[in-house]
Amino acid sequence: MKVVIIMGSKFDLDYCRKIAGKLSEFGVESVLRIASAHKTPEKVLEILREYEDEDVVFVTVAGRSNALSGFVDANTVNPVIASPPYSDRFAGMDILSSIRMPSGVAPLLVMEAENTALAVAKIAALTDERVRKKVKDYQDRKKGEIYKADEELR
């Protein structure tokens, strides 16, 4: 399985690299692309067509008005995960454009780069035992951090 991370602009590149880095730790291949649903919808469709015959999950990264996630989801049968980077502008309320979608359009919404990679890895783990083990190990490490913190507090 491959992950195609589509960002709305190059300003999202650092955030997308965090997602790609964590995906790599899970053993999941990713590619980074830039296209805007508002400014270059034809480019978005071109990217979707490029990967339509492959086993892919699309991750969309766009802030402000997140038309990208809905547009991608409406034009593919593959899973789409919207992962808008948090913004202090508008007190973070620009997230609302990622939550409410029209009928028949259902991108999943996951906040934070690391959690986005985990969600994708869990999808990959359905058919890839190697990724499944890495997800389990990751979850065990996270649980261990809580137990260790509790012990240190005592």
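The values are calculated or read from the model by the stated rules, or taken from the named source; none is laboratory data. Bear in mind the structure is a predicted one, so any value in this text is a computation, not a measurement. Reconstructed Cβ throughout: ideal geometry from the backbone, glycine too, with neighbour counts over all protein chains shown.
Here are the numbers for this structure:
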| read-out | value |
| --- | --- |
| Sole residue being surrounded by fewer than 23 Cβ atoms within 10 Å (Cβ to Cβ), charged (D, E, K, R) and free of Cβ contacts under 8 Å to residues at least 12 places away in the same chain, chosen from 10, 22, 43 | 43 |
| So residue 24, is it touching a strand residue (DSSP E or B) at 6+ places or on another chain (Cβ under 9 Å), hydroxyl-bearing (Ser, Thr, Tyr) and within 26 Å of residue 142 (Cα to Cα) | yes |
| Single residue of 32, 13 found to be of a type in the set (A, V, I, L, M) and closer than 20 Å to residue 95 by Cα | 13 |
| Residue in the stretch 134-154 that is farther than 15 Å from residue 6 by Cα, under 19 Å from the mean Cα position of the chain (by Cα) and modelled with pLDDT under 95 present | no |
| Condition check for residue 54: out of contact with any His (no Cβ under 9 Å at 6 or more places or on another chain) and in a loop (DSSP other than H, G, I, E, B) | yes |
| Top-ranked residue in the stretch 107-127 [being more than 14 Å from residue 23 (Cα to Cα) and either modelled with pLDDT of 95 or more or in contact with a Cys (Cβ under 7 Å, 6 or more places away or on another chain) (or both); ranked as surrounded by the most Cβ atoms within 10 Å (Cβ to Cβ)] | 107 |
